[in-house]
């Protein structure tokens, strides 16, 4: 019964996603940025659905039940901070630039080599994000439909692919309206049922006001701060979030949508964390038997509530997966291969090749999801890379004109090497065993977990600032940047020719 109810939700989302595909009309602008015509409601719900995915629900409850509120809720709260900061400082200027992908910024602000390097890092990070959402879907289908985990992962990504390849950002935005509605209803219903059935019970030292979790290393403070920083700042360089901001019809719409998304993400994440604390304390549920939320819904919750909550988890995971597939494929085709929008001589090649590129992106993500079946690790690691490598060139580069491509490339390269080195040497990742990429050693212990994120970020930002101060951006680079802005504006206006060739 439960899986049947969830299946109906998935079918509705799939149908709507395919139906709105007619809005694409063969144009990559419609496909990648929804024709830049999305209003506040659609942008806000798509941002919320992208933030409140399986990592911020299933991963949140697992971590909270083991280590306390700030360990799990930080996944959602970090994303809420990201949306808040983006709304305050970045949504307006980024929407006004009329970009097609976030990697376009690195070409316009710096140069072509920086664009390519940034694109590669984004693709690596977002295949990890995509894989993290497929993990939760695979566990869900294994638990409730008796489908083997690997086949569950493949089935989930096939369904997401079906409507993403058809309708792009339009499909993502319209299906997000349903997905976010279900998620909000699910969160409120779950909290009310738990409160009525068991009361709200917060174990000593594990609640939201037990700030030892943020000040005491023994209580995981470095890990919790690493999560907040990685998601709150590193996620600002999120290609799926920015794709939705580019689709807003005005800078003001983009900004307001970020604020609404931040509030919704914080509230929903807090609810799931409080539920996890209560049920783990009262019912003694642990992650030893699988994701704690799935155990609660399978063995204790009424079937109707289980259907609503699981539908919300699947819907949110689908939204994040859809955005990751779309944005990653677009960057691979537009910013690495150099394919541009062209309508005069037949089908738009940017549209066609973006759809084709989705296939290898999905294959790699499925392999990663089957190889590393962790819900929270893959999400946070994705933004560890963005934080260490690209956050400084992006955030600082918007407001400070002095840094040039040498600073951006140095930060990306040094940040990447440092973060991957720490990943290989640290035996745990955010409190759980590092089965992603660990080289057995006696140099770094579990106590460095969390610090690896913070130190890598400091190195990345420090490298960017140091090189920027030592080596000022050349005037030739400034003039080339101005020319690329003109080229992009021309490309946005015309449908008749390729204006910006690959450099």
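The values are calculated or read from the model by the stated rules, or taken from the named source; none is laboratory data. The model shown is predicted, which means the values in this text are computed figures rather than measured ones. Heads up, the Cβs are rebuilt from the backbone with ideal geometry, glycines too, and the neighbour counts pull from every protein chain shown.
Here are the numbers for this structure:
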item: Verdict on residue 254 being touching a strand residue (DSSP E or B) at 6+ places or on another chain (Cβ under 7 Å) and in a helix (DSSP H, G or I); result: yes
item: Unique match (being assigned to a helix (DSSP H, G or I), within 24 Å of the chain's Cα centre (by Cα) and surrounded by fewer than 20 Cβ atoms within 10 Å (Cβ to Cβ)) among 367, 318; result: 367
item: Total residues in region 37-55, condition farther than 10 Å from residue 169 by Cα and in a helix (DSSP H, G or I); result: 13
item: Output for region 278-315, where each listed residue is farther than 30 Å from residue 123 by Cα, outside any helix (DSSP H, G or I) and touching a helix residue (DSSP H, G or I) at 6+ places or on another chain (Cβ under 8 Å); result: 283, 285, 286, 300, 301, 302
item: In region 211-246, residue nearest to residue 454 (Cα to Cα) [restricted to those that are outside any helix (DSSP H, G or I) and more than 17 Å from the chain's Cα centre (by Cα)]; result: 220
item: Residue match in region 143-151 (condition: at pLDDT 85 or above, within 30 Å of residue 31 (Cβ to Cβ) and buried (at least 24 other Cβ atoms within 10 Å of the Cβ)); result: no
item: Test: residue in region 71-83 that is surrounded by fewer than 24 Cβ atoms within 10 Å (Cβ to Cβ), at pLDDT 90 or above and in contact with a helix residue (DSSP H, G or I) (Cβ under 9 Å, 6 or more places away or on another chain); result: yes
item: Yes/no for residue 11 being in a helix (DSSP H, G or I) and farther than 15 Å from residue 169 by Cβ; result: yes
item: Region 424-456, residues that are part of a helix (DSSP H, G or I) and over 20 Å from the mean Cα position of the chain (by Cα); result: 424, 425, 446, 447, 448, 451, 452, 455
